[in-house]
Amino acid sequence: MKIDKVAMIGAGSWGTALALVLARKNIRVALWDRDADHIANLVRDRENKRHQPDHPFPESLEVTDDLGAAVQGAGCVVMVVPSHGYRAVFRELWPQLSDGTLVVSAVKGIEVDSGMTMTEIMDEENKGRKRLHFCVLSGPSFAAEVADCQPTAVTAACVDPEAAEQVQQLFAAEYFRVYAASDVKGLEISSAMKNVIAIGAGICDGLGYGLNTRAALITRGLAEIARMGVAMGAQPQTFAGLGGLGDLVLTCTGDLSRNRTVGLKLGSGLTLEEVLAQMTMVAEGVKTTRSCYHLARRLGVEMPILEQMYQVLYNGKRCEDAVRDLFQRGLKKENG
């Protein structure tokens, strides 16, 4: 199926960057956001000065706050809204989706109350009533660098290999390389949990610890992510790929990482409330820590780093005490 139009649902930093990838290929894109004032500014300026300044919109990129108009005629709908509002937005647009539509989640999070991934939310809301292809697009990709046309590689996953390849072809560009995969669950768990580990990496940096500490956290964090993913039916090799190790390293080490920034400020002595009050964009890892903590307990999966992150963020535990308790745990084999 040839896709003549893509609806980009969410006009934040990442949604705008992905819209630019497509529109620069002369693909018709409808960029939607429910914030009417924000959309009015985008229409007036023909660029997103709030989130992606100095990147003019190509003619093929249209902007709207009318969800129906955005989705109408779109063969692919890309969801780029915060995880806590994902279900409500999908429920609102679902009646306007046609059979065969590709619905791509580019959101890195887990729903707090249900512990569901974004594709699980869509599957539950759809209830098999329409033939929709639920896909995931994820990988090591800071939005600002994608908008700047910096070489970037990501993964598109769908249980239907033809749909995965269709998303791959749709987004592939000179500077944006896309790999196709089938492990949707593994990609979603990786993309959500890496934000939790990134907050931990920021905490370690904020406390003044060195590169040894960061390397240990990344490596053991990856082990926890893989442990949870495999318990949910994911393929182990996914966690060594772009959406696993690649995204984890980027988010734990890059200065553009919102979640690492949260950790840096916590490690420097600020409270979570003070940190969040200073931020203008969503750091998904804060809410994901809570949702993954409860999910891990339901699954019976041991995740000591996640446990300590939950205690720091939600029970006021001192960052230094969390690190101490991690290092004073009983000794284990590395694959344990």
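The values are calculated or read from the model by the stated rules, or taken from the named source; none is laboratory data. None of the values given here were measured: they were computed from a predicted structure. We place every Cβ from the backbone using ideal geometry, glycine too, and count neighbours over all the protein chains shown. These accessible areas exclude ligands, DNA and RNA; they are computed on the full protein's heavy atoms, side chains included. Shrake-Rupley method; radii C 1.70, N 1.55, O 1.52, S 1.80 Å.
For the reader, a short list of remarks on this structure follows.
- Residue list for region 12-31, filter: open to solvent by 10 Å² or more (accessible area, probe 1.4 Å) and under 19 Å from GLY73 (Cβ atoms): LYS25, ASN26, ILE27, ARG28
- Meets criteria (more than 30 Å from HIS38 (Cα to Cα), out of contact with any Pro (no Cβ under 7 Å at 6 or more places or on another chain) and surrounded by fewer than 21 Cβ atoms within 10 Å (Cβ to Cβ)) for VAL312: no
- Count of residues meeting criterion [closer than 28 Å to SER291 by Cβ and open to solvent by 10 Å² or more (accessible area, probe 1.4 Å)] in region 68-88: 7
- Scanning region 99-109 for residues that are touching a helix residue (DSSP H, G or I) at 6+ places or on another chain (Cβ under 9 Å) and either surrounded by fewer than 20 Cβ atoms within 10 Å (Cβ to Cβ) or modelled with pLDDT of 95 or more (or both) yields a count of 7.
- Taking (1) over 14 Å from GLY200 (Cβ atoms); (2) surrounded by 20 or more Cβ atoms within 10 Å (Cβ to Cβ); (3) modelled with pLDDT under 95; (4) aliphatic (A, V, I, L, M) in turn, LEU276 satisfies each apart from (2).
- Cβ separations smaller than 7 Å between residues 6+ apart or across chains give no pair from region 318-329 residues that are touching a residue at least 24 places away in the same chain (Cβ under 8 Å) and more than 15 Å from ARG214 (Cα to Cα) to residues that are of a type in the set (Lys, Arg) and surrounded by 11 or more Cβ atoms within 10 Å (Cβ to Cβ).
- Criterion (surrounded by fewer than 20 Cβ atoms within 10 Å (Cβ to Cβ) and either among the hydroxyl-bearing types (Ser, Thr, Tyr) or at pLDDT 95 or above (or both)) met by exactly one of ASP183, ASP123: ASP123
- The residue that is nearest to ARG28 (Cα to Cα), counting only those in region 39-67 that are open to solvent by less than 70 Å² (accessible area, probe 1.4 Å) and of a type in the set (D, E, K, R), is GLU62.
- Positions within region 139-197 being β-branched (Val, Ile, Thr), farther than 28 Å from MET232 by Cα and part of a helix (DSSP H, G or I), in sequence order: VAL146
- Here ALA147, ALA192, ALA157 are screened, and the one residue that is touching a Lys or Arg at 6+ places or on another chain (Cβ under 6 Å) and open to solvent by less than 10 Å² (accessible area, probe 1.4 Å) is ALA192.
One line per residue, one yes/no per condition, for (1) within 16 Å of the chain's Cα centre (by Cα); (2) over 22 Å from PRO82 (Cα atoms); (3) touching a residue at least 40 places away in the same chain (Cβ under 8 Å):
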| site | (1), (2), (3) |
| --- | --- |
| GLY206 | no, yes, yes |
| ASN212 | no, yes, no |
| VAL230 | no, yes, no |
| LEU245 | yes, yes, no |
| CYS252 | yes, no, yes |
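- Qualifying positions in region 238-264 - open to solvent by 50 Å² or more (accessible area, probe 1.4 Å), under 15 Å from VAL282 (Cα atoms) and either in a helix (DSSP H, G or I) or in contact with a strand residue (DSSP E or B) (Cβ under 6 Å, 6 or more places away or on another chain) (or both): ARG258
- Selected residue (criterion: surrounded by the most Cβ atoms within 10 Å (Cβ to Cβ)) from residues of region 283-305 that are farther than 14 Å from VAL112 by Cβ and not acidic (Asp, Glu): MET303
- Look at region 121-134: where a residue is within 14 Å of GLU188 (Cα to Cα) and a partner is among the hydroxyl-bearing types (Ser, Thr, Tyr) and not in a loop (DSSP other than H, G, I, E, B), sitting 6+ places away or on another chain with Cβ atoms under 8 Å, you get ILE121/TYR86; MET122/SER105; PHE134/SER105; PHE134/THR119.
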